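Just below is one structure, and these are the notes that go with it.
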Amino acid sequence: MSDDLLQTPVQFVKGVGPDRAELLQKLEIRTAGDLLWHLPRDLLDLSDVRKIADLEADQPASVLGTVVDLDSRSLARERTMSAILIESDGNYLRALWFNQTWVLKKYQPGQRLLLSGKPKFRAGRWEISHPRVQVLEADDGSARGEVLPRYPLTEGLRMDVMRRMTRHAVEHCAEALVDPLPEAYRAEHELPSLPEALRMVHAPRTAAEWERGRARLIGDDLLEFQLGVALRRRAWEHKPPAPRLPVTPKIDSRIRKLFPFTMTRAQDQVIVEIGRDLDSDTAMHRLLQADVGAGKTAVAIYAMLVCVAAGHQAVLMAPTEVLARQHWETLASLLHQSRVERRLLTGGLTAAEKARVHSDIQSGTAQLVVGTQAVIQDAVRFASLGLAVVDEQHKFGVLQRAQFSTGGLSPHVLVMTATPIPRSLCLTQFGDLDLSVMDELPPGRQRVVTSLVTEGAPKLKAFAFLRKQIEQGRQAYIVCPRIANDAAGSGPADVETVFRYLTTGPLQGLRIAALHGQLDSDEKGRIMAEFEEGSLDALISTTVVEVGIDVPNATLMVILDAERFGLSQLHQLRGRISRGRFQGYCFLFTRSDAADALSRLNVLTTTTDGFQIAEADFEFRGPGDILGTRQHGQLPLIVADLVRDRAMLETARERATDLVKSGRFDAAEFAPLKKRVLDRFRTMMDLPQSG
């Protein structure tokens, strides 16, 4: 009966009707249950609005007023001040922002604003610096004392109408919901019931009540996700045993002699952590985060050679053929006098070549295998796989790393990324993995000088500098966001147009080639070989140079339309230069004058710390772009926001881990919650049917 009520067509909810039901479909609201779960985006709290005449210095307050003036002026030391003047009850208050001229584009005279912050009285007038601002809509009302949820809308629907419809949905349908959390668990953590939480967010009496209801809904979302992660980890720990791969002093010494350098402190620490995992019959499941250039590949090779020394096979899987071949060449260089049998397996091999490699893998002849996703195809059968290394994990899915776990033994798995990942994302995407971090660069690596370059004279000056450096013997990368520009006009910078412009303009007469993903493997290989040999002065390319390219003499990089890239990707690209003894220079070209875009790019001019950059990227762009899930399905969260709800994520992880580890989650009272978790995440997380 309860489910029938929630499945009632939305037009039959009081206050809706067929016309509004048609509008609601644009918001994907088709049933009473959908309307119930159409949650407010924020809250307009008019319960404690102060009159300007009643303000007190440095005491938090909210003021409701109408915009009467906007102003921006320059200050000393290239600073700016932007101001909005609002009027209320015949009194005036000024909102101030420093070095944020873009804020004035968001507001206009006549708008009603709710400003919140700590006021100060200066020069006969009240001011609030960098206030929280909410723009009131025509139907928001202005009665002091109201607490009003605000919803995502569509054209034709007013906010007050949406409020009435959701309240009717709560009144008639909320009690039909089955609460997946047991009553004892709710009491233990002082949580409202699910129907009550929905009433609190749709019809709050106070701002505190709205926050409490919202916290329950967000907490459920995060808890269910973290329970999925905890179940996946438990399933991994109960897989068949892994081979023990001991790291003896003799093996350690033999492997280290292969490297023409001494490991850094950070590399040594991670090797200890990995060695401890390998010398166990519980399969390692570890994520290695390393900043660009920190030497994660050397650590991976060390672990693979430990595996081979113990008599088992090791495989390294990379997301692209370019990166796979780079790893292959690194191995070939280190092991050129070694008897270790190694094979390269990529999609670019002929059928006959693949068949030979498949045979060598199945027989155990191939001890080390490097490849792309070709190494996890059905035709590949390992004789005794002891270790799988997955490079640039964020470009693969959970199921792809699970495909190594076949046969009688479970291989140890080391997942690597040179894209530092904010802690919040580690707890979601990689929460089933142990974490190792390398944040120390090898000695001698220089800080790349990074400059933000706008159109016009600065752009020409940058290319003149580039040409001078090339004439002194250096090499350059010029990176474009796309290969070709189909549309006429000012679209994104593309390889073909930029090649024509530079070879007939600023870099005329220099040896330049274009490199991109549409070239065949042989052509790409030839161009890269010429660049590495020094036969080319510059490469104009797409982001194919982001990983797997190491040319010490390439010390210059120009990234065109840099605002189109994420900060972490720009940091990855920048990591291709200054890998030798010469100073590196990176120029971020932008045609944007948007203050938020310029502010974001300026982060790269002030720091080279990949972990700081990743956190900034996370704040600016959100998790989907960082992990590349914008194009491949969003993070599977319903109401939670990983930027906003970081603290709640930590709590959810602790509670989920405790429930699963203690065995409490297997009790009958948690059956509805377990069913919900498995329904949501079984496929995505490769969870067993029973949990």
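One equal scatterer on each Cα of region 1-50, no solvent, Debye formula: the resulting log10 I(q)/I(0) at q = 0.12, 0.30 Å⁻¹ is -0.35, -1.11. In the chain, the portion of solvent-accessible area held by carbon and sulfur atoms comes to 49 percent [1.4 Å probe, whole percent, DNA, RNA and ligands not counted]. Normalised by 2.2 N^0.38 Å, with N the number of residues, the alpha-carbon radius of gyration of region 492-600 equals 1.09. Here the 3J(HN,Hα) profile of region 185-202, calculated from phi with Karplus coefficients 6.51, -1.76 and 1.60 at θ = phi - 60°, is 5, 4, 5, 4, 9, 6, 9, x, 5, 5, x, 5, 4, 5, 4, 4, 8, 8 Hz, Gly and Pro shown as x.
With the convex hull of its Cα atoms as the shape, region 454-556 has an orientation-averaged projected area of 6.8 nm². Close amide H contacts of Tyr477 (hydrogens built in the peptide plane, cut-off under 5 Å, sequence separation of 5 or more or a different chain): Leu539, Leu556, Met557, Val558. For region 115-235, taking Cα atoms only, Rg and Dmax work out to 19.4, 67 Å respectively.
Once Rh is set to the Kirkwood radius over Cα pairs, what Stokes-Einstein translational diffusion coefficient, in µm²/s, holds for the chain at a temperature of 10 °C and a viscosity of 1.306 mPa s? Mind dumping the intermediate values first?
Numbers: Rh = 29.0 Å.
It diffuses with D of about 55 µm²/s by this estimate.
The long axis of helix 351-363 is offset from the longest Cα principal axis of the chain by roughly 90 degrees. Once backbone amide H atoms are built at 1.01 Å from N, Ile483 has Val495 as its partners under 5 Å, excluding neighbours fewer than 5 places away on the same chain.
When each of the peptides 235-244, 184-193 is scored by the mean number of other C-beta atoms lying within 10 Å of its residues, the order from highest to lowest reads 235-244, 184-193.
Between Asp160 and Arg244, the simple label model (points 7 Å from Cα in the Cβ direction) yields a spacing of 7.6 nm. One chain, two ends: Arg205 and Ala529. Fully extended at 0.36 nm per residue, the span grows by 109.7 nm beyond their Cα-Cα distance.
Under 5 Å from the amide H of Val415 lie the amide H atoms of Arg286, Leu287, Leu288, Val390, each residue being 5 or more positions distant or on a separate chain, with H modelled from the backbone and absent for Pro and chain starts. With R₀ set to 56 Å, the beta-carbon distance separating Val272 from Ile483 gives a calculated FRET efficiency near 0.80. Based on the Stokes-Einstein relation at 37 °C and a viscosity of 0.692 mPa s, and on the Kirkwood radius from alpha carbon pairs, region 75-177 is assigned a translational diffusion coefficient of 197 µm²/s. Counting only protein heavy atoms and a 1.4 Å probe, region 201-266 has 47 square angstrom of accessible area per residue. Most tightly packed first, judged by the mean number of other beta-carbon atoms within 10 Å of their residues, the peptides 117-123, 318-324 read 318-324, 117-123.
Entry note, the chain: the mean residue ellipticity at 222 nm calculated from DSSP H runs of n ≥ 4, each adding -39500 (n - 2.57), is -11500 deg cm²/dmol after division by the residues and rounding to the nearest 500.
Taken along its principal axes, the alpha carbon cloud of region 255-326 reaches lengths of 33, 29, 24 Å, longest axis first.
Distance between the pseudo-spin-label points of Arg167 and Lys14 (7 Å out from Cα toward the beta carbon): 1.1 nm.
Other residues with beta-carbon under 9 Å from the beta-carbon of Ile84 carry, at +1 per Lys or Arg and -1 per Asp or Glu, a net charge of -1. Rounded to the nearest 0.05, what FRET efficiency is calculated for Ala352 and His189 with R0 set to 60 Å and r the Cβ-Cβ distance? FRET efficiency, Ala352 to His189: 0.45. Residues in region 51-63 carry Karplus couplings, in order, of 6, 4, 5, 9, 5, 10, 4, 6, 9, x, 7, 10, 10 Hz; the curve used is 6.51 cos²θ - 1.76 cosθ + 1.60 with θ = phi - 60°, and Gly or Pro positions show x. As a rough guide to protection, the peptides 250-256, 94-100 ranked by mean Cβ packing within 10 Å, highest first, stand as 94-100, 250-256.
Return the whole-Å distance between the Cα centroid of region 332-368 and the Cα centroid of region 81-118. Using only Cα atoms, the two centres lie 67 Å from each other.
The values are calculated or read from the model by the stated rules, or taken from the named source; none is laboratory data. What you see is a predicted model, and the numbers here were worked out from it, not measured in a lab. As a convention, Cβ positions derive from the backbone with ideal geometry for all residues, glycine included, and neighbour counts pool all protein chains shown. Just so you know, the surface numbers come from the protein's heavy atoms only, side chains and all, with ligands and any DNA or RNA stripped out. Shrake-Rupley method; radii C 1.70, N 1.55, O 1.52, S 1.80 Å.
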